[in-house]
Amino acid sequence: MYLIGEALIGDGAELAHIDLLIGDKNGPVGIAFANSLSQLSAGHTPLLAVVRPNLLTKPATLVIPKVTLKSGAQVTQMFGPVQAAVAKAVADCVEEGVFAGQDLNDLVILASAFLNPEAKDFNRIYRYNYGAVKLALNRAFEQFPDEKTLIHEKDRAAHAVMGFKVPRLWDPPYLQVALDIVDLGKLRSVLTALPENDHLIIEAGTPLIKKFGLNVISEIRAIKPNAFIVADMKILDTGNLEARMAADASADAVVVSGLGPASTIEKAISEARKTGIYSVIDMLNVDDPVSLIKSLKVKPDIVELHRAIDAESSAHAWGNINDMKAAAGGKLLVATAGGIRVPVVKEALKSGADILVVGRAITASKDVHHAAEEFLEQLNKEEIDQFRIMTDF
């Protein structure tokens, strides 16, 4: 047996995080158990989990502190509520049948426990660690998560301790506000007025980047730290370098021009994938977007059907969005840009658009917040809870 479990329970300084291994005494987990118990490390002394003094829990469980214990108070917490919680959780799992069919004397458990130096409440420390151990044990035997759950959840929840979200575009449609602004005061004013909404994307427009460089993304993050930010660089050359530059500037997506050489487009897409950001092909003036997508060895995440500002008197060309998605293997978001107004939103969505790119209709409005809300209302999407981090599976 070689099972792995993990769980996080609670909040504040007393938050508990448990990583554990379950295995046979004569296997790799058993060897690690013996080595951990016999090869001590200052500040990380492992301790056997006991329900009370002289009553070892079964299967035998070793509690390993993740954080260096530097004070007497920490040592007391680890040898008190943490140790008791781990031991009791294991014993209760035995009673509840989690180990059904197993010989408890043949198994050992390694449980790494996090203990914040600022934790003070013994009751919370005990309860959170107890819950985390029970959850981790059950998950280990269930081999949680399965592939389906992993793929479903990976873009939906934020890490509890990281402190910010890395938004992903898993629930279209979205409104993308194009900030083609060349005045920092106006930029800050518009950003401040935009509503907080999980279906709102912010685009650092080409004029904005040309004037202030990619550092302007930091200006946007200062006001909208959790926003999904697109760097509209319209890359035409050095695709891998410029895509990397966008990622290093903390952009969530980078735009490459569909007029660039195929090698440039492919290098930009590949580099975006390496760095974990989205790749966007702007199809402005591209005669046959479907053929271009089919010809690429690597496919983009997003295609933008772009009617130029200077050509907004022409009709909206939604293109054959379904054919584009088929050419990309079905996993493609399609954005439409250029003179989008509230009355055409439903038509664009009906045509298959996933992202509506709107610029001056919002940024030049007398009431930016209200204008953005009008577009968001047309999307008819509920807010997403991207901070689901606990046990809601």
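The values are calculated or read from the model by the stated rules, or taken from the named source; none is laboratory data. In this text, all values refer to a predicted model and were calculated from it rather than measured experimentally. Glycine gets a Cβ as well: all are built from the backbone with ideal geometry, and neighbour counts include every protein chain shown. The protein model used for the area step is the full one, side chains on, heavy atoms only, and it has no ligands, DNA or RNA in it. Shrake-Rupley method; radii C 1.70, N 1.55, O 1.52, S 1.80 Å.
Observations on the model:
- Subset of the stretch 138-180 that is farther than 30 Å from Pro59 by Cβ and among the aromatic types (Phe, Trp, Tyr) - its residue that is surrounded by the most Cβ atoms within 10 Å (Cβ to Cβ): Tyr174
- Residue match in the stretch 291-306 (condition: over 24 Å from Asn320 (Cβ atoms), in contact with a helix residue (DSSP H, G or I) (Cβ under 8 Å, 6 or more places away or on another chain) and not aromatic (Phe, Trp, Tyr)): no
- Candidate set: the stretch 298-321, residues that are at pLDDT 90 or above and of a type outside the set (D, E, K, R); chosen: the one surrounded by the fewest Cβ atoms within 10 Å (Cβ to Cβ): Val298
- Positions within the stretch 70-103 being open to solvent by 40 Å² or more (accessible area, probe 1.4 Å), out of contact with any Lys or Arg (no Cβ under 9 Å at 6 or more places or on another chain) and either more than 20 Å from Leu47 (Cβ to Cβ) or aromatic (Phe, Trp, Tyr) (or both), in sequence order: Phe79, Glu95, Ala100, Gly101, Gln102, Asp103
- Any hit, the stretch 140-156, residues being under 17 Å from Ala49 (Cα atoms), within 22 Å of the chain's Cα centre (by Cα) and assigned to a helix (DSSP H, G or I): no
- Hey, Asp24 of a type in the set (Asp, Glu) and under 25 Å from Asp121 (Cα atoms) or not: no
- Counting only strands (runs of 3 or more DSSP E) that sit completely within the stretch 190-297, those holding 3 or more residues that are open to solvent by less than 40 Å² (accessible area, probe 1.4 Å) and among the hydrophobic types (A, V, I, L, M, F, W, C) correspond to 200-204, 228-235, 253-257.
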